[in-house]
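Taking it in order: structure first as structure tokens, then the write-up.
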Amino acid sequence: MKILVANIGSTSLKWRLFDCSDSAERLLHKGGFERVTDYPKAIEDCLAELKAANAIANESELAAVGFKTVIAKDVTGCVRLDEKVLAAMEAYKGLAPAHNPPYITGIRLFAQRMPSVSLVGLFETAFYQFAPEAMMRYAVPDSWHAAGIRRWSFHGASHKFMAERSAELLGREDVATRARQLYIDGGKSPINGKPFRVISCHLGGSSSITGILNGAAIGSSMGMSPQSGLPQNNRVGDLDAEALPYAVKTLGISVEEAQRQLSKESGLKGLSGVSNDIREIQTAAAAGNAKAKLAIDVYVASARHWIGSYFLELNGADAIVFTAGIGENRAELRAAICGNLENIGIILDAEKNNAACATEAVISAPESRVKVLVIPTNEELVVARETKRLLQNSGN
Ligand code: ADP
């Protein structure tokens, strides 16, 4: 069973093709295009590359195309992408303006190009379906809540992969099984030992931190939209609700302009004035740029704030896991985030931390009560697995 996972950006198309015929999924091909101006052609070129690489002979060989869709009104989980679901994504496009519109357009183009292939979406909100209501609710009137103003939380595929893989690596196969079964039984499969508590740090161009108990999310730093939680590359992250109307009045700008500045000129870019890329910010900070140093300090403080929040909620942690561009590659950031925490049982091994770059590794010291891990994320594999399950459960 071959499943293509397509990652759609406003000007990019990336893909991974998996053979999911048995339980040991195999990656058959991966590729992508940046600066795409003609999307139908990009899809055509993707299929041509898959054929040229002998990964497929024909698109009818694809059991499905899976997408890591973000958010839709009243829809989550892993679903077939019919017009009803696309309309639900359309209804919430304001919450994910960088993601929902290109996905809706891209999915329609895939549907036109290969009408007989199933198109399936695993929503990024899916991992939070079973989180306690108290962790997901804003203290707003009922009418606001009913209108969808609540925490939805994102990066679900990545955090779910962390839930499964951290349990596997730390010898908790019972919890790994529970995490794998989550979307079938809502996290009801039994575990054998003590509760298994993980704080998953997806730190990249956009960042979020999720608390995970026994394979299921209990809450996450991102709220109603991805415009929340930690400072993002050029998005503000958490901001007091009064700040927007105050800025509009005080700075004499429109709401739309304020939103633009908060989503394009804020975050690490706005703070540093240098770049939205942490590598360039670190270089500038090392050369003495005070704003660049402040940007890193704000980012680290925010990460520690959220880790602390879940550490308390989970009554400690068995593991803290780092993933995504910054989490997998930036040892200095991991060291700053985990610094000075020996009193709560978190001690890094400096050498192991410095050596860990985009590979699975335990980077905590042997005496650290909390294991600290680096795990490269594999969101596409999570999408492929859930897509396969949907096809099997619906009999094709
Ligand atoms: P996105 O959220 O857009 O998928 P990534 O997970 O790729 O982003 O993370 C982007 C961030 O990670 C950037 O700030 C970049 O500096 C950092 N990063 C990505 N890859 C590397 C790398 N190989 N080495 C160092 N830093 C990296």
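The values are calculated or read from the model by the stated rules, or taken from the named source; none is laboratory data. Being a predicted model, the structure only gives us computed values, none of them experimental. Here the Cβ is made from the backbone with ideal geometry for all residues, glycine too, and neighbour counts use every protein chain on show. What goes into the accessible areas is simple: the full protein's heavy atoms, side chains included, and nothing from ligands, DNA or RNA. Shrake-Rupley method; radii C 1.70, N 1.55, O 1.52, S 1.80 Å.
Those residues that are open to solvent by less than 10 Å² (accessible area, probe 1.4 Å) and out of contact with any helix residue (DSSP H, G or I) (no Cβ under 8 Å at 6 or more places or on another chain), I need them from region 206-227; list them, please.
The first filter runs over region 206-227 and keeps only residues open to solvent by less than 10 Å² (accessible area, probe 1.4 Å), leaving 207-212, 215, 217, 219-223.
Correct list: MET222, GLY223.
For THR283, which of the numbered conditions (1) open to solvent by 50 Å² or more (accessible area, probe 1.4 Å); (2) part of a helix (DSSP H, G or I); (3) in contact (Cβ under 8 Å) with a residue 40 or more places away in the chain fails to hold?
(3)
Could you name every one of the helices (runs of 4 or more DSSP H) located completely within region 298-360 that has at least 3 residues being within 22 Å of the chain's Cα centre (by Cα)? Step through it out loud before you land on a result.
Details: elements: 324-329, 331-337, 350-355.
Helices (runs of 4 or more DSSP H) meeting the threshold: 324-329, 331-337.
At least 2 residues that are open to solvent by 30 Å² or more (accessible area, probe 1.4 Å) and among the polar types (S, T, N, Q) in each: list the helices (runs of 4 or more DSSP H) lying fully within region 34-127 that qualify.
Numbers: elements: 39-52, 83-91, 100-113.
Correct list: 100-113.
Hey, can you tell me all the residues within region 84-100 that are more than 18 Å from the chain's Cα centre (by Cα) and either of a type in the set (Gly, Ala, Ser) or under 15 Å from PHE67 (Cα atoms) (or both)?
VAL85, LEU86, ALA87, ALA88, ALA91, GLY94
Here is a list: LEU169, LEU203, LEU251. Which entry is closer than 22 Å to ASN329 by Cβ, among the aliphatic types (A, V, I, L, M) and surrounded by fewer than 24 Cβ atoms within 10 Å (Cβ to Cβ)? Steps first, answer last, please.
Values: LEU203 fails: surrounded by fewer than 24 Cβ atoms within 10 Å (Cβ to Cβ); LEU251 fails: closer than 22 Å to ASN329 by Cβ.
Exactly one of LEU169, LEU203, LEU251 is closer than 22 Å to ASN329 by Cβ, among the aliphatic types (A, V, I, L, M) and surrounded by fewer than 24 Cβ atoms within 10 Å (Cβ to Cβ), namely LEU169.
Which ones in region 286-306 are within 19 Å of GLY327 (Cβ to Cβ), open to solvent by 30 Å² or more (accessible area, probe 1.4 Å) and of a type outside the set (A, V, I, L, M, F, W, C)? Show your work before the answer.
Filtering region 286-306 for residues within 19 Å of GLY327 (Cβ to Cβ) gives 295-306.
The next check asks that each one be open to solvent by 30 Å² or more (accessible area, probe 1.4 Å); those that pass are 297-298, 301, 304-305.
Passing the criteria: ASP297, ARG304, HIS305.
Which residues, counting only those in region 20-29, are in a strand (DSSP E or B) and crowded, with 16+ Cβ neighbours inside 10 Å?
We begin by selecting, within region 20-29, every residue in a strand (DSSP E or B); these are 26-29.
Of everything in region 20-29, those that are in a strand (DSSP E or B) and crowded, with 16+ Cβ neighbours inside 10 Å turn out to be LEU28, HIS29.
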